[in-house]
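Quick notes on the structure that follows.
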Amino acid sequence: MRTRLDHLVTSALQQRSAVPAFTCYDFTTALAVVAAAEEAGRGVILLVAPKTAATPNGLRLIGALRGLADAAAVPVAVQLDHATDLQVMSDAVTAGADSALADGSSLPYEDNIALVLAARRLLGPDVVLEAELGGLAGDEDRAFSADQPADQAGVSVAGLTDSAQVEDFVSRTGAELLAVAVGNVHGKYKGEPQLRWDVLQDIAVRTHLPLVLHGASGIPAEELVKAAAMNVGKVNFNTELRTGVLATLQEQLPAHRSDGENLQGLLGHWNQSVGSFASTTLATLTR
Ligand SMILES: [Zn+2]
């Protein structure tokens, strides 16, 4: 069923839970995520990468996700992730996204605020906006690990969110959610992830807005369960989902090729890989 992303997150936080958000590059993944959410009786967020939303077929995928969300038995929101281009934001919303991350985190502070305000003017009051303060290292769509060439190795932490800027940023942007950089990265972590709970705590006392943790892949479950207590109401997953799907496909491919080019059977394994990751994640974040 359709839901406002901020309402979904706020009501989860009231139960000391957080809502997982999963990047969907394709419809098979989205089907499995929504089925897992229905089975758990919990709401979920489908994320669309900006590269997806920048293509005509990607916009059709957003339309399909919209239909899937509306038909679901649990609340499902469709969000455009990490958008810097206003045209892409506008196209994604027209195609069916009900929320966007207007991401000016790599811009100077005032330009970051200006981007969120421009997105609000363009998209109107009904589209839920997430804004991001503090630089998040890494590539959202591709992940590199330590055993790869040095220039492609896992990412180090970039700039942490400056908690002294939080109140000003939140009041001036008017965003409904705030993505923070507290030692989280996109892709694979260099060594053990070290979440800065002290910084998160410092941010949480300065704003009532629900906080968003990106790059949660690789953060241990025993750390993630603590997030909702710090007002983190949305947690984004991408890399871990891809790792699971690709490992499953690699393992299953030969048998399914020799089994009469059985693509349908292979898709069943894809579905199972996503479904079990989504179920585990929903259980981890839910109280
Ligand atoms: Zn992200």
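Derivation of every value follows stated rules applied to the coordinates shown; laboratory data play no part. All values derive from a computational prediction rather than experimental measurement. Every residue, glycine among them, receives a Cβ derived from its backbone with ideal geometry; neighbour counts consider all protein chains shown.
Using only the alpha-carbon atoms of the range 5-285, report the extent along each of the three principal axes, biggest first, to the nearest angstrom.
61, 41, 37
Tell me the label-point distance for the pair Leu107, Ala247, using the 7 Å Cα-to-Cβ offset, in nm and rounded to one decimal.
Here the modelled spin labels are 3.9 nm apart.
Computed FRET efficiency, Cβ-Cβ of Ala73 and Ala118, R0 41 Å: what is it to the nearest 0.05?
On the way: r = 36 Å, r/R0 = 0.89.
It comes out at approximately 0.65.
Taking amide H positions as placed 1.01 Å from N in the peptide plane, with prolines and chain starts having none, which residues 5 or more places from Gly104, or on another chain, fall under 5 Å of its amide H?
Glu132
For Glu222 and Arg4, what is the calculated FRET efficiency with R₀ set at 51 Å and r taken between the beta-carbons, to the nearest 0.05?
That gives a FRET efficiency of 0.95.
Where both residues lie in the chain, what percent of DSSP beta bridges are antiparallel, nearest 5?
0 percent
So how far apart, in nm, are the two label points at Ala54 and Asp126 if each is 7 Å from Cα heading toward Cβ?
Result for the modelled spin labels: 2.9 nm.
Taking 0.36 nm per residue of sequence separation and subtracting the Cα-Cα distance, how much length would be gained by fully extending the chain between Gln14 and Ala229, in nm to one decimal?
Working: separation 215, 0.36 × 215 = 77.40 nm, distance 1.01 nm.
Additional length available on full extension: 76.4 nm.
Spin-label point model (7 Å from Cα, Cβ direction): what's the Thr84 to Asp259 distance in nm?
Placing both labels 7 Å beyond Cα along the Cβ direction yields 4.4 nm.
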